[in-house]
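Heads up, the thing below is written out as structure tokens.
The values are calculated or read from the model by the stated rules, or taken from the named source; none is laboratory data. The model shown is predicted, which means the values in this text are computed figures rather than measured ones. Positions of Cβ are backbone-derived with ideal geometry, glycine not excepted, and every protein chain shown enters the neighbour counts. The protein model used for the area step is the full one, side chains on, heavy atoms only, and it has no ligands, DNA or RNA in it. Shrake-Rupley method; radii C 1.70, N 1.55, O 1.52, S 1.80 Å.
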Amino acid sequence: MRLDPARPVREDQLGQAGKDASCAKDLFLGRPPIHTVCNARERPRPQPHCLPELVHVRPEYPVLRYPEPVPSRHTIRLQHVDLVALAAFQIGAFAQVHDEKFRLARSDRSWLDDLKQAVRKLPPDDFFSWQEADLTVSRYHLVNERVGASTLATQQAKNQLPLRVPARQSSWNESGNLFEWKFESIGIGVDGAACIRHRARLVRDATVDEVTTDYHILIQDIFRHLVPVARSLLEGLSRADGPLDSVEFVHPDPNRLDTYIASYECLDIDFTAVDEQGEPLPLPAKRLVAESLDAARQLAALSRMSRIEPDLYDPLKLQKFKDADIGNREDELWIVNSNRMVRSNPDRKNRHIIHFYEDVLCLVELGLQQLAVLEYVDAWLHEARGQFRRQLMSSKSHDADVGRILIDFERVLDLIEQPGGLTAGIRHAFFRQVADRLVQELRIPAALAQAQEAVSMFAQIASAAFTFKVFVSSEATEVTVRRLTWIIMIGTLIGAIIAITATILAGG
């Protein structure tokens with residue numbers, strides 16, 4: 001018997017697999033299960049010949065599988081998709097000439113003020129309007145009238161906001177059949193990381209399947225554009241005076257740039273759910289996700305930009321998607337996962353919400369820059385440890401070379417910051433909640449722990465090397481003293497013998 005998901009089925013018509021699926025759906029909808037067979041200990045083992053057309057089992061995935069996607073009763077149609085693609089990398093990874101000067105300049109927390117004045121003197125090129133470079137400010141602070149609800153307006157946050165250089169051309173480029181995109185700006189952080197920002201938008205209404213299909217075409221077009229943008233940025237910084245005077249950067253090739261890129265996406269969407277007759281469902285976002293398995297599956301697939309398949313988004317897995325929603329309003333969704341943030345707010349045209357979302361985008365940029373910096377520190381320390389060992393083992397090793405490595409090591413240490421620095425002093429409760437979730441999803445604590453472990457290993461190697469050097473020096477000093485003592489004793493003895501001999505000869 002084939003089950004039709006669009007038509008209710010009585011319990012006596014359900015086979016064992018149907019009862020399991022019905023039980024899972026009850027759990028997803030928050031209802032107590034009506035089938036006691038969900039208990040694995042009490043459930044009888046299904047016969048191999050049961051429901052041959054409905055399910056089959058793959059050895060690598062011993063779960064309920066479907067031969068084809070189940071038809072949906074409810075369809076999500078997207079009327080608005082605003083996608084912001086962010087890609088951050090550490091500029092210091094491409095500094096080749098006078099890179100130590102770049103590290104020295106970056107260690108000054110106010111160096112972006114001097115860099116702003118320097119890059120404003122550059123003529124515009126194919127990508128940037130250098131004359132319009134300016135330090136970022138909290139957009140929400142400009143319209144916020146609530147006391148004690150600051151986002152990025154605190155003193156701690158102000159010291160971390162990037163220097164933003166806008167794009168010279170803002171024309172839209174077509175991508176696939178559904179999207180158009182443009183390069184928007186680049187932000188240079190206080191820690192020397194750059195974050196490239198692209199924006200894309202939906203040109204017509206589409207289903208989730210259509211959007212996720214064209215998304216992969218869009219993201220390839222954007223990532224191909226990263227290399228020329230990064231090259232133009234590094235060329236401009238090589239020409240700039242001020243704190244980066246005489247510092248030269250190499251042109252990044254795609255493979256090397258991809259090694260240092262940390263990327264993330266933010267989606268602002270507006271959608272409706274319709275039934276089989278095309279009639280909209282009058283349900284707010286949270287109730288729609290809670291009561292429509294089809295709608296929840298499609299929105300979960302959108303948040304992952306993957307295909308809508310029942311075996312990938314079964315009711316139990318969709319519960320995690322429901323739990324990931326941190327939005328407070330009944331008509332709002334705010335999903336933060338490891339790859340992207342998806343937001344749906346009916347009041348997205350309200351100026352307060354527009355500026356609040358701009359601060360959220362800046363927060364994502366700061367988090368990505370911190371992740372890119374920590375990964376760069378880990379790679380730099382790995383290379384510095386090898387260079388340090390080679391200098392120590394070299395017969396022509398000079399203390400000046402070893403000391404230079406240690407000085408660079410000290411200047412790199414100030415790049416390691418605690419993730420809590422992103423939210424220090426922030427009073428807006430929901431903004432802090434977004435920041436805390438973002439820090440966890442970007443795995444910044446794990447990257448921080450890895451960088452700290454690399455620092456510890458480097459420090460242990462340096463400590464052991466200098467302990468050995470002091471020991472060798474002390475041994476050499478002791479041998480030298482012993483030799484001098486013997487020379488003095490022998491010289492004294494020879495002098496005494498000569499004196500006695502001279503006395504005897506004089507007396508004879």
Revision key, fill the gap. Length gained if N339 through R443 is fully extended, taking 0.36 nm per residue and subtracting the Cα-Cα distance, is 36.3 nm
Revision key, fill the gap. XL table K158/K320; K317/K349; K121/K349; K322/K349; K286/K349; K121/K182; Cα-Cα > 30 Å flagged, in table order, is K158/K320; K317/K349; K121/K349
Point to revise | FRET E, pair H251, K121, Förster distance 22 Å, beta-carbon r, rounded to 0.05 | key: 0.50
Point to revise | Per DSSP, loop trypsin sites (Lys or Arg not before Pro) in segment 78-109 with at most 14 further Cβ within 10 Å | key: R109
Review point. If each of L316 and D99 carries a label point 7 Å out from its Cα toward its Cβ, how far apart are those two points in nm?
Key: 5.0
**Study point:** FRET efficiency, 1/(1 + (r/R0)^6) with R0 30 Å, evaluated for I217 and Q131 via beta carbons
**Key:** 0.30
Check your understanding: Between R351 and N328, what is the FRET efficiency for a Förster distance of 22 Å, r being their Cβ-Cβ separation, to the nearest 0.05?
Key -> 0.65
Exercise for review: Quick one: give the max-minus-min coordinate of the C-alpha atoms of segment 200-249 along each principal axis, largest first, in Å.
Suggested key: 52, 15, 12
Review point. Extension gain E383-Q460, at 0.36 nm per residue separation less the Cα-Cα distance, in nm?
Key: 26.2 nm
Point to revise | S107 paired with K158, simple spin-label distance in nm, labels 7 Å along Cα-to-beta-carbon | key: 2.6
**Study point:** Cα gyration tensor, segment 175-323 - rounded (a/c under 1.5), prolate or oblate
**Key:** prolate
Point to revise | For segment 129-176, alpha-carbon Rg over 2.2 N^0.38 Å | key: 1.59
Practice item. With a probe of 1.4 Å, find how much accessible area segment 244-347 has per residue, and write the answer as a whole number in Å². Key: 43
Practice item. Enter the Cα centre distance for the pair segment 164-208 and segment 301-338, rounded to the nearest angstrom. Key: 25
Practice item. Count the net charge of all other residues whose Cβ sits under 9 Å from the Cβ of W181, scoring Lys and Arg as +1 and Asp and Glu as -1. Key: 0
